[in-house]
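These notes are about the structure you will find just below.
Only the coordinates and a few stated rules stand behind these numbers; no lab work does. All of these numbers come straight from a predicted model, not from anything done at the bench. Positions of Cβ are backbone-derived with ideal geometry, glycine not excepted, and every protein chain shown enters the neighbour counts.
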Amino acid sequence: MLVVFLGGSMGLARHLMSVFSLFLLTLLLISACAIIFLARYQVQQQSVEQTQFMANMIVSQVQHGIEHDSSTDIASLINTTASKGPIKLLSLTDISNEQLIHQYYHRTSQGPALLAGVKFLYLISPPIKKSFTNSSGDKFVLTIQLQNISLAPFAGQVIVSLFIGYLLLAICLSFYIRRFSRSITQSLSAIESQSNALTNKHFPVLKPIKSVKEVERLVQVHNDMTEQVKSFINELSERLEHAKKSLYKDELTQLGNRRLFIAQLSQALHESETYNGALIFIRLNQFELIRQQEGFNIARSLLEDIIHASQLTLKQDGNFELYRVNEYEFASILKDVLQDDVIDRIHQLSAEFSELQNRYQRKKQVLIGATVFQAKETISDVLIRVDDALNMASKEPHLFHFNSENSELSKVSSLLKSREAVLNVIEEASLKFCQQRVVLADEINNMFAEVLSSFEYKNQPIPARLLQAQAEKFHCVEYFDKRIIEIVKLAYLNSELILPASINLSPYSMLDEKFNNWLTELSHSYADFFSSVIWEFDEASLSQIKNATSIVHRLQSMGSKVAVDHFGMGDNTLKMLRMWHVDVIKIDGSFIHDLDADQANWSFLETIVQLAHSLGITVVCEQIETDKEARWARQLGMDGLQGFQIAHPMTNFNLKS
């Protein structure tokens, strides 16, 4: 009942009340039994005294009746006397004659059926005998026994009284227990709430709560523990943040590292089915060499300049982030951009990088490769395309290349994924040749003709520059150059070659000892052919070779001339001009194209032409596309002109292996 009364109380109150209720109920039963047994004893004593009193009174009446009345009157007297009191048995016996004079017996009621079996609630009075003698000397015995006494009403009153007392005590106790339990549960609830807050990384401090001393101490200890946990969580968060930075941040530049780049690119590729984006890679060629030769400070300054220029240019697209993929490569993912916008960005990047070159004594070759991608493409496919673009950028005058998803470069890159694949294409592909004339400044007489080649493998055209770039990447470019030289030699022997002829050669082939020995033996066997050949090197590539001067001298010793292509775009152009002692330099056409916009190029070109002529070097201006550019070239004192305005490539031979 008490539990029902406290139905709204908290769990602790219910438990405490259940225990106290059980205790009080037990105490009630024990008290009731003790009171009933005590009452039984007292009633029994009173019953004996009452029986003796009534026996004495009845004996005096019966003794008087025996002296004066007949036996019939005595029986009537006994019945009348017994019926007036709670007498169960009343008998008179003549002991002298051993005769029962009269006996009265009244059957006792059993009481309520519910209490019939509870014997201890009924008290049986003991029979008492009284002896007396009449005047004649006869001896009589009077036996009297009172009716059974029921203790049920008394017990009921006791139980009701105890229950009422118990109920009042329970009500008082319930309020005390509820107050006591609240003083404890309030603290526990506060601790529970704070524990839930701790799981959400909130660290409230419990307010002081009036309760038992142990609970107050618990609150204080919990607050101390909370402060310790808060301090530990903060320390752990700092460690996790530091670990995250070390995991996803480049330590030197604080840019996202390769892990973060791969994760972001993967997310971009799987973000949605209609997602379009672009990937731009920036590669610092020979960064380790710069650090070794010019020192760590110059290398770090170059990194900072590249990062600053890249961020200024690419931030126009808003949602972008620059990553340092490795020691010498940076990458940026552009989201929701058009192909034309990407091309504009890499043009701007190239211009920014060209401008910052003026801050350094030696030019730093910075390559830019870009490609577009769509959702659901694989990371490997996108990275292969941008790597191909970087390889092609090393062959471009402006050192950048855009590889569109559907470009010819993308179609053939899958054929050139490994060294074995590149070697197979070099050996099995058919070659197609043409020559483009380089004329003297009078535009009448030929100076020489440049050999241009293209490959075709399984009916798939393969750009020679791409194949050469992949061959350089896999360190097998000597096979590429050897294949071209063999076919051009065959054309020479068949008198199908315009002479003199210039052949593009990779400086990395000249670093191979076997190729050098083969070329030397060939020069001995075909001296006339070698005397008609001009070997062309890209300035940017040649400037990265330590023994470039010895390579030039070796080829000149074979009877050939040496030319430098895209001159002016490499590392420390004027210094290299004095060191290499080449025969011909071909000024990059970008200088002629930009004369309208940048008059400083005029002074630069004049200086190069004058220095070259002073060293006995022939100067050719390539990529002439207009009459105005041809006129400027002649005004600057160029010896030769090359470009579509001068002469288109001519297919004067078409050989297949």
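Using R₀ = 35 Å, calculate the FRET efficiency as 1/(1 + (r/R₀)^6) where r is the Cβ-Cβ separation of GLU304 and SER557; round to 0.05. Efficiency computed from Cβ-Cβ geometry: 0.20. Ranked by the mean number of other Cβ atoms within 10 Å per residue, highest first, peptides 611-621, 453-463 order as 611-621, 453-463. Taking all Cα-Cα distances within the stretch 249-406, those exceeding 26 Å account for 22%.
Which entries of LYS395/LYS473; LYS335/LYS376; LYS395/LYS514; LYS432/LYS482; LYS514/LYS586 show an alpha-carbon separation above 20 angstrom in the structure shown?
LYS395/LYS514; LYS514/LYS586
The residues neighbouring LYS561, those whose beta-carbon lies less than 12 Å from its own, together hold a net charge of -2 under the Lys/Arg +1, Asp/Glu -1 convention. Counting every pair of alpha carbons in the stretch 413-657, the share spaced more than 30 Å apart comes to 26 percent. Spin-label model, ALA32 to ILE262: label points 7 Å out along the Cα-to-beta-carbon direction sit 8.2 nm apart.
Using C-alpha pairs under 8 Å with a sequence gap of at least 6, the mean separation divided by the residue count of the stretch 538-621 gives a relative contact order of 29 percent. Given in Å, the Rg to one decimal and the Dmax to the nearest whole number for the Cα atoms of the stretch 527-581 are 11.3, 35. Distance between the pseudo-spin-label points of ASN148 and LYS458 (7 Å out from Cα toward the beta carbon): 11.8 nm. DSSP beta bridges fully contained in the stretch 413-657 are about 45 percent antiparallel. Measuring between their Cα centroids, the stretch 531-567 and the stretch 370-400 lie 29 Å from each other. Residues THR626, THR143, ranked from the fewest to the most other C-beta atoms within 10 Å, line up as THR626, THR143.
For a footprinting-style exposure proxy, rank ASP594, ASP588 by other Cβ within 10 Å, fewest first.
Details: ASP594 13, ASP588 21.
Going from sparsest to densest Cβ surroundings: ASP594, ASP588.
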